[in-house]
Amino acid sequence: MFQALVVEKDEAGKTSAAVQSLDADQLPDGDVTIAVEYSTVNYKDGLCIGPGGGLVRNYPHVPGIDFAGIVEASDDDRYKPGDKVVLTGWRVGEAHWGGYAQKARVKADWLVPLPEGLSTRQAMAVGTAGFTAMLAVIALEDHGIKDGPVLVTGAAGGVGSVATAILANLGYKVAGVTGRPEAADYLTSLGASQIVAREELNETTKRPLEAETWGGCVDAVGGEMLARLLGQMQYGASVAAVGLAGGAGLPATVIPFLLRGVNLLGIDSVMQPYDSRVQAWARIANDLPMDKLEAMIQPATLSDLPKLGADILKGQVKGRVVVDVNG
Ligand code: NDP
């Protein structure tokens, strides 16, 4: 038997989440069985745990869109018992049981070996949010980061915290946008050299172009903020669009693309090919200072998850929640 957070749906369509004991026979099909050690809380997890079940495709369901742990049994030559592995994406935690459990069974193709020098706990302090932040930084580098500061929106959140720490460590000036004035010291400790109040970018303007200010941007917020900052990018600079914490609409004009050659790069962490995932995890192990990662961690256990799921949907989680599934 093992412990898991299980989301169930009753006949009236109401969902509920609670920690339950499950039998290994109940695990879904897969090539590799993993003793999960850590998982995390991402925005999608908040949706899956919360009322209505969000993105959950089947019930009963074990959410948790990422996990790190140790291989217990494997039918695939690439993995053997004792190997440390990490998983993000592939609709695990939505369509396939995920990481909010002491055991998981998944397809070998979805896993990545943990890079040297990274523990399972550190890997989940990074988690899907940090992995996505790394993908965003790689995309910006591929298109060329200009000499102005790099803007990070939703900076005190999961994606924003990791993006800030990586970019600062790579030597870029980072401007963090936050709606939480009290997070300024935290963002400075991660390496941000400028704090931008959320209201400054939320104010709408009729001007499609403003002063050329930002040399690149990792945007976790979307919506009106993304529309506004497009007009503030330096000539030829890129925005890596990662999330929609501030809304899915994009009330923008084409002017920044036409007159400033701005690039809008979409980042999707879910369907990344194996080689790209391995490259991103190697870069994380190399480019993310572990003391800064430690400063982002908020520890949790399985029983904390219903509350934390609600908190992340309200934008109230700071940094990265690391769930010790055996805690
Ligand atoms: P978090 O909740 O940890 O961070 C989001 C941050 O955005 C908040 O902390 C807050 O930062 C800011 N924010 C929240 N609401 C608003 C609002 N209404 N207006 C402006 N800013 C707001 O989430 P994550 O960092 O984990 O994820 C961020 C986004 O990225 C989500 O939409 C998520 O779904 C998406 N995502 C996408 C992935 C992909 O593959 N493309 C992978 C992972 C996440 P502050 O308090 O500093 O203002």
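Please work out, to two decimal places, the log10 of the ratio I(q)/I(0) at q = 0.12, 0.13 Å⁻¹ from a Debye calculation in which every Cα of the chain carries one identical scatterer.
Once normalised to I(0) and log-transformed, intensities are -0.79, -0.91.
So which trypsin sites (Lys or Arg not before Pro) in the range 1-77 end up in coil per DSSP with only 15 or fewer other C-beta atoms within 10 Å?
Filter output for the range 1-77: Lys14, Arg57.
What's the center-to-center distance, using Cα atoms, between the range 211-232 and the range 13-43 in Å?
A separation of 38 Å, based on Cα centres.
Scaled to the compact-protein estimate 2.2 N^0.38 Å, what is the alpha-carbon radius of gyration of the range 208-260, rounded to two decimal places?
Taking N as the residue count of the range 208-260, the ratio is 1.02.
What per residue convex hull volume, in Å³, comes out for the range 7-46 when only alpha-carbon positions are used?
Values: hull volume 5.6 nm³, N = 40.
Cα-based convex hull of the range 7-46, divided per residue, equals 139 Å³.
I'd like the carbon and sulfur percentage of the solvent accessible area for the range 180-285, probe radius 1.4 Å, heavy atoms only, ligands and nucleic acids excluded.
Solvent-exposed carbon and sulfur of the range 180-285 make up 55 percent of the total.
Can you give the direction-averaged projected area of the convex hull of the alpha-carbon atoms in the range 241-280, in nm²? Walk me through the intermediate numbers first.
Working: hull surface 16.9 nm².
Its average projected convex-hull area is 4.2 nm².
Build a GNM of the chain with springs between Cα atoms under 10 Å: which of Gln26, Gln102, Gln316 gets the top mean-square fluctuation?
Greatest mean-square fluctuation among the candidates belongs to Gln26.
Once phi is turned into θ = phi - 60°, what whole-Hz ³J(HN,Hα) does the Karplus curve with 6.51, -1.76 and 1.60 give for every residue of the range 46-62, x standing for Gly and Pro?
Taking θ as phi minus 60°, the curve returns x, 5, 6, 7, x, x, x, x, x, 9, 5, 9, 8, 10, x, 9, 9 Hz for the range 46-62.
Would the range 121-197 count as rounded, prolate or oblate if I go by the C-alpha gyration tensor, calling it rounded below 1.5 in a/c and otherwise prolate when a/b exceeds b/c, oblate otherwise?
oblate
Please sort 126-138, 58-70 by packing, taking for each peptide the average over its residues of neighbouring beta carbons within 10 angstrom, highest first. All intermediate terms of the calculation are to be shown ahead of the outcome.
Values: 126-138: 27.5, 58-70: 24.2.
Peptide ranking by packing, descending: 126-138, 58-70.
Rounded to whole Å and sorted largest first, list the principal axis extents of the Cα atoms in the range 158-202.
28, 17, 17
In nm², what is the average projected area of the convex hull enclosing the Cα atoms of the range 1-86?
6.0 nm²
Taking a 1.4 Å probe, which of Leu244, Leu140 shows the most accessible area, and what order do the others take after it?
Listed by decreasing accessible area, they come as Leu244, Leu140.
So for the pair Thr253, Ile70, with labels modelled 7 Å out along Cα→Cβ, what separation do we get in nm?
That separation, rounded to one decimal, is 6.0 nm.
Express the Stokes-Einstein translational diffusion coefficient of the range 52-118 in µm² s⁻¹, to the nearest whole number, given a Kirkwood radius over alpha-carbon pairs, 20 °C and a viscosity of 1.002 mPa s.
Stokes-Einstein gives a translational diffusion coefficient of 172 µm²/s.
Per residue, how much accessible surface does the chain expose to a 1.4 Å probe? Answer in Å², no decimals.
42 Å²
Have a look at Val159, Val85, Val254 and tell me which one the Gaussian network model of the chain (Cα, springs below 10 Å) gives the largest fluctuation.
Result: Val254 has the largest fluctuation of those listed.
How much of Asp324 can a 1.4 Å solvent probe reach, expressed as accessible area in Å² and rounded to 10?
That residue has around 50 Å² of solvent-accessible surface.
How charged is the neighbourhood of Gly231? Take every other residue with its Cβ under 14 Å from the Cβ of Gly231, and add Lys/Arg as +1 and Asp/Glu as -1. Working shown, then result.
Working: positive: Lys206, Arg207, Arg228, Arg260; negative: Glu200, Glu203, Glu210, Glu212, Asp219, Glu224.
Within the 14 Å Cβ shell, the charges total -2.
Measure off, as a whole percent, the carbon and sulfur share of the 1.4 Å-probe accessible area of the range 133-178, all protein chains present. Please list the in-between numbers first.
On the way: 520 of 1210 Å².
Heavy-atom surface of the range 133-178 belonging to carbon and sulfur, 1.4 Å probe: 43 percent.
For the range 77-177, I need the span (max minus min coordinate) of the C-alpha atoms along each principal axis, in Å, sorted largest to smallest.
47, 26, 23
Anyone know which of Val41, Val19, Val239 comes out most mobile in the 10 Å Cα GNM of the chain?
Val19
Write down Rg/Rh for the range 288-327, rounded to two decimals, with Rg from the C-alpha atoms and Rh from the Kirkwood relation over Cα pairs.
Values: Rg = 11.1 Å, Rh = 10.9 Å.
Looking at the range 288-327, the ratio lands at 1.02.
Divide the volume of the convex hull of the Cα atoms of the range 235-327 by its number of residues and quote the answer in cubic angstrom per residue. Don't jump to the answer; show the numbers that get you there.
On the way: hull volume 15.9 nm³, N = 93.
Convex hull of Cα atoms, per residue: 171 Å³.
Pairs Lys44/Lys206; Lys44/Lys103; Lys84/Lys107; Lys173/Lys318; Lys9/Lys307: which exceed 25 Å Cα-Cα?
Lys44/Lys206, as the Cα separations exceed 25 Å there.
Can you tell me the length gained on complete extension of the stretch Ala282 to Arg207, counting 0.36 nm per residue apart and subtracting the Cα distance?
Full-extension gain reported as 22.8 nm.
Report Rg(Cα)/(2.2 N^0.38 Å) for the range 173-281, keeping two decimals.
On the way: Rg = 14.8 Å, N = 109, 2.2 N^0.38 = 13.1 Å.
Taking N as the residue count of the range 173-281, the ratio is 1.13.
In Å and on Cα atoms, what radius of gyration and Dmax does the range 174-225 show?
Every Cα atom of the range 174-225 included, Rg and Dmax give 11.9, 35 Å.
The values are calculated or read from the model by the stated rules, or taken from the named source; none is laboratory data. In this text the structure is predicted, and so the values were computed from the model without any measurement. Counting neighbours? That spans all protein chains shown, and the Cβs are built from the backbone with ideal geometry, glycine included. Heavy atoms of the whole protein, side chains included, go into the accessibility calculation; ligands, DNA and RNA do not. Shrake-Rupley method; radii C 1.70, N 1.55, O 1.52, S 1.80 Å.
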